[in-house]
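Q: First, the structure itself, so that you have it in front of you.
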Amino acid sequence: MCGITGEFRFDGQTPERALIERMTARLARRGPDASGTYFDGPLAFGHRRLAIIDLSPLSNQPMVDDQLGLALVFNGTIYNYPELRIELHAKGYQFFSDGDTEVILKAYAEWGEACAEHLHGAFAFAIWDRKAQSLFLARDRLGIKPLYYSQDKQCVRFASTTQALLAAGGVDTHIDAVALHHQFTLHAVVPAPRTILKGIRKVAPATSLTIDPRGTVTPRCYWNLRAQRPATPLSEPEWIEAIHASLKAAVKKRLVIADVKVGVLLSGGLDSSLLVALLAEQDVPDLLTFSVGFEDQPEERGHEFEYSDLVAEHFGTRHHQFHIANSEVLKRLPEAVDNMAEPMVSQDAVAFYLLAEQVSKSVKVVQSGQGADEIFGGYYWYGLMQEDTAGTPLDRFRRHYFDRDHDEYLQTVMPAYHGMDYTAQTVNTYLNAPEADTFLDQVLRMDATMLITDDPVKRVDNMTMAWGLEARVPFLDHELVELAAQMPPELKLQSGGKHVLKRIARGLVPDRVIDRSKGYFPMPALKHVRGDFFNFMQDILNSQACRERGLYQRAYVEKLLAAPERYHTRIQGSKLWHLALLEYWLQRNVDSNT
């Protein structure tokens, strides 16, 4: 895992070395082990390396293959690179390194823009084709690795974070009105290609972009998720067996493909506990697990140590438990916001940031349970949507998920940002795409291919990579996701959700963990806002910068400030925190660069 950046000019000029170095420097925390730059006419690359596979300098980047006329910068891990290496060697390609990076170069030489289809893993990369004078960008199927870009008539720039693009200057930092609607309706999920800033876009998951010397961008979607029953129906035991085998394979490949020790982020929930069980099954020596907890609030506990401790003891892991005071959370919150490539309102973002700081002292790679709820139907609102049969698929979804209906959104922001119900249009398009058998198939597919990308997946990448820590997510192995998408949704929703995972876990994981009520990564002080946290948000929303920005209607702000604990979203987020976080992110990341 690394940080990548670059510039491709169309105006006859050459990239400025100081600009590339400035962009690359902003990615230093993602790649603390090595850095490099590459310049060739209109093209420049920058790279910061987190060394995980082939720790030698031979796999440093940018990687150049003069014989093929190609140069590459890459962020991620290719789990099937040993098999691809054998296949490409049989086709006559010679290798000078032992890692996965060089395999991408050879794959592009062999298959061109179709190379991404051959890669299994989490990746974002850029390839400079010297002969064609073209730039090729690609992102993995489920958007696990980020890839942002900005473009004008003179050039295109790309980077792993928006902060690196902002450091280059020249970015249109006006608010994108469509993205703003998504920000406040889908709890900060802004689907690709948009971001909250007009001048920054992101490559969509499962998509590549080919950019020619004139600046023409040609996108290509190379993968789609089908949510339809298989031609030959499977019984419940057959589904359980198939999912178990696929999940074991996903966990194993994320363990084997590393030349460093791997740990597990153990929340105490079913998903991370099952990962520990599957790793223990494979006799992983000295398995390290890590848990974090926070102060309780009257309405909610701030940790799940009773379950994580139980799992750690059951499997004999070398367990690390961290308890963080609210005062420390508030003190460190600015750092977390500085490392958000986009504004994130989920209360556990800062939790992951503070946990990753501690974990990075022991390991470079962790496995994490993100994606299990979305892929296997674990959230309570899926059942509510299924039971609510009135109206269109959009109606059934929005009643149980949207943070604000359109009328409330219009009360939230100033008239300059008013417009159509953009989020409803976007969600309706996703839900009604072909190749989904039922309403819940539509919802779960949208979760897997859009919602999860720009909420938990992005959050985990940003907060762990801020400490040079690679988080691997076995539940988002694309082959496992494809298999699970074919499963009848009713089978997923049994047992209160994640029925198949609970059946797999029975006998492996302590029953108390399986049978407990579903928990969430707790950070109660950002949900039940009072005391110092309230004062912090009040100061942000009453600041001169906020008032001069002219983004929020003051009457709405005053209403939330007068009774913050009265105003929660349908899935129990703080509406006050939503407003404060966006404003604070703009102050920390945009205002400081203008």
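The values are calculated or read from the model by the stated rules, or taken from the named source; none is laboratory data. Bear in mind the structure is a predicted one, so any value in this text is a computation, not a measurement. In this analysis, Cβ positions are derived from the backbone assuming ideal geometry, glycine residues included, and neighbour counts consider all displayed protein chains. When the accessible area is computed, the model is the full protein with side chains, heavy atoms only, and any ligands, DNA or RNA have been set aside. Shrake-Rupley method; radii C 1.70, N 1.55, O 1.52, S 1.80 Å.
Q: Within segment 409-421, can you find the residues that are in contact with a Lys or Arg (Cβ under 9 Å, 6 or more places away or on another chain) and open to solvent by 40 Å² or more (accessible area, probe 1.4 Å)?
A: 411
Q: Considering only residues that are touching a Leu at 6+ places or on another chain (Cβ under 8 Å) and touching a residue at least 40 places away in the same chain (Cβ under 8 Å), look in segment 557-575 and name the one that is farthest from residue 347 (Cα to Cα).
A: Residue satisfying both the conditions and the ranking: 575.
Q: Open to solvent by less than 30 Å² (accessible area, probe 1.4 Å) and either assigned to a helix (DSSP H, G or I) or farther than 21 Å from residue 477 by Cβ (or both): does that describe residue 363?
A: No; evaluated as a whole, the condition is false for this residue.
Q: List the number of the failed condition for residue 397; all other conditions in (1) open to solvent by less than 10 Å² (accessible area, probe 1.4 Å); (2) in contact (Cβ under 8 Å) with a residue 60 or more places away in the chain hold.
A: So the condition that residue 397 fails would be (2).
Q: Determine whether residue 345 is assigned to a loop (DSSP other than H, G, I, E, B), touching a helix residue (DSSP H, G or I) at 6+ places or on another chain (Cβ under 8 Å), under 18 Å from residue 464 (Cα atoms) and touching a residue at least 60 places away in the same chain (Cβ under 8 Å).
A: yes
Q: A follow-up question, please. When residue 56 is evaluated against the numbered criteria (1) of a type outside the set (Lys, Arg); (2) under 20 Å from residue 134 (Cα atoms); (3) open to solvent by 10 Å² or more (accessible area, probe 1.4 Å), which criterion, by number, is the only one it fails?
A: Here residue 56 meets the rest and fails (2).
Q: Same structure, new question: Give 92, 112 a once-over and let me know the one that is surrounded by fewer than 22 Cβ atoms within 10 Å (Cβ to Cβ), free of Cβ contacts under 8 Å to residues at least 12 places away in the same chain and under 23 Å from residue 206 (Cβ atoms).
A: Result of the check over 92, 112: 112.
Q: Here is a check on your reading of the model: is residue 120 in contact with a Lys or Arg (Cβ under 9 Å, 6 or more places away or on another chain), surrounded by fewer than 17 Cβ atoms within 10 Å (Cβ to Cβ) and modelled with pLDDT of 95 or more?
A: no
Q: Among (1) among the acidic types (Asp, Glu); (2) surrounded by fewer than 17 Cβ atoms within 10 Å (Cβ to Cβ); (3) in contact (Cβ under 8 Å) with a residue 24 or more places away in the chain, which single condition is residue 87 missing?
A: The single condition residue 87 does not satisfy is (3).
Q: Any chance segment 208-217 includes a residue that's open to solvent by 10 Å² or more (accessible area, probe 1.4 Å), hydroxyl-bearing (Ser, Thr, Tyr) and under 20 Å from residue 589 (Cα atoms)?
A: No, that holds for no residue.
Q: In the set 35, 56, which member is without any contact (Cβ under 8 Å) to a residue 24 or more places away in the chain and more than 18 Å from residue 123 (Cβ to Cβ)?
A: Selected residue: 35, the only one of 35, 56 that is without any contact (Cβ under 8 Å) to a residue 24 or more places away in the chain and more than 18 Å from residue 123 (Cβ to Cβ).
Q: Here's a follow-up. Identify all residues within segment 541-594 that are in contact with a His (Cβ under 9 Å, 6 or more places away or on another chain) and of a type in the set (Val, Ile, Thr); write none if there are none.
A: If the condition is that a residue be in contact with a His (Cβ under 9 Å, 6 or more places away or on another chain) and of a type in the set (Val, Ile, Thr), then 569, 571 are the ones that fit.
Q: While we're on this one: Which of the residues spanning segment 127-159 are among the acidic types (Asp, Glu) and surrounded by fewer than 24 Cβ atoms within 10 Å (Cβ to Cβ)?
A: 129, 152
Q: Shifting gears a bit: Go through segment 1-32 and count every residue that is surrounded by 16 or more Cβ atoms within 10 Å (Cβ to Cβ) and polar (S, T, N, Q).
A: Number satisfying all stated conditions: 2.
Q: In the set 481, 529, 500, which member is buried (at least 20 other Cβ atoms within 10 Å of the Cβ) and either over 28 Å from residue 141 (Cα atoms) or at pLDDT below 95 (or both)?
A: Every option except 529 fails the conditions.
Q: Which condition from (1) at pLDDT 95 or above; (2) of a type outside the set (Gly, Ala, Ser); (3) open to solvent by less than 10 Å² (accessible area, probe 1.4 Å) is the one that residue 558 breaks?
A: Among (1) at pLDDT 95 or above; (2) of a type outside the set (Gly, Ala, Ser); (3) open to solvent by less than 10 Å² (accessible area, probe 1.4 Å), the lone unmet condition for residue 558 is (3).
Q: From the list 333, 310, 266, 234, which one is more than 24 Å from residue 482 (Cβ to Cβ), surrounded by 14 or more Cβ atoms within 10 Å (Cβ to Cβ), at pLDDT 90 or above and more than 26 Å from the chain's Cα centre (by Cα)?
A: Answer to the check: 310.
Q: Report, by residue number, each residue of segment 160-197 that is buried (at least 24 other Cβ atoms within 10 Å of the Cβ), assigned to a helix (DSSP H, G or I) and polar (S, T, N, Q).
A: 162, 183, 185
Q: Go through segment 390-403 and give me each residue that's within 22 Å of residue 448 (Cα to Cα) and not aliphatic (A, V, I, L, M).
A: 392, 393, 395, 396, 397, 398, 399, 400, 401, 402, 403
Q: Taking residue 8 as the residue in question, decide whether it is out of contact with any strand residue (DSSP E or B) (no Cβ under 7 Å at 6 or more places or on another chain) and assigned to a strand (DSSP E or B).
A: no
Q: Could you check how many residues of segment 271-290 are assigned to a strand (DSSP E or B) and either surrounded by fewer than 24 Cβ atoms within 10 Å (Cβ to Cβ) or polar (S, T, N, Q) (or both)?
A: 2
Q: Another question, then. Without any contact (Cβ under 8 Å) to a residue 12 or more places away in the chain and either under 18 Å from the mean Cα position of the chain (by Cα) or open to solvent by 10 Å² or more (accessible area, probe 1.4 Å) (or both): which single residue out of 372, 390, 351 fits that description?
A: 390
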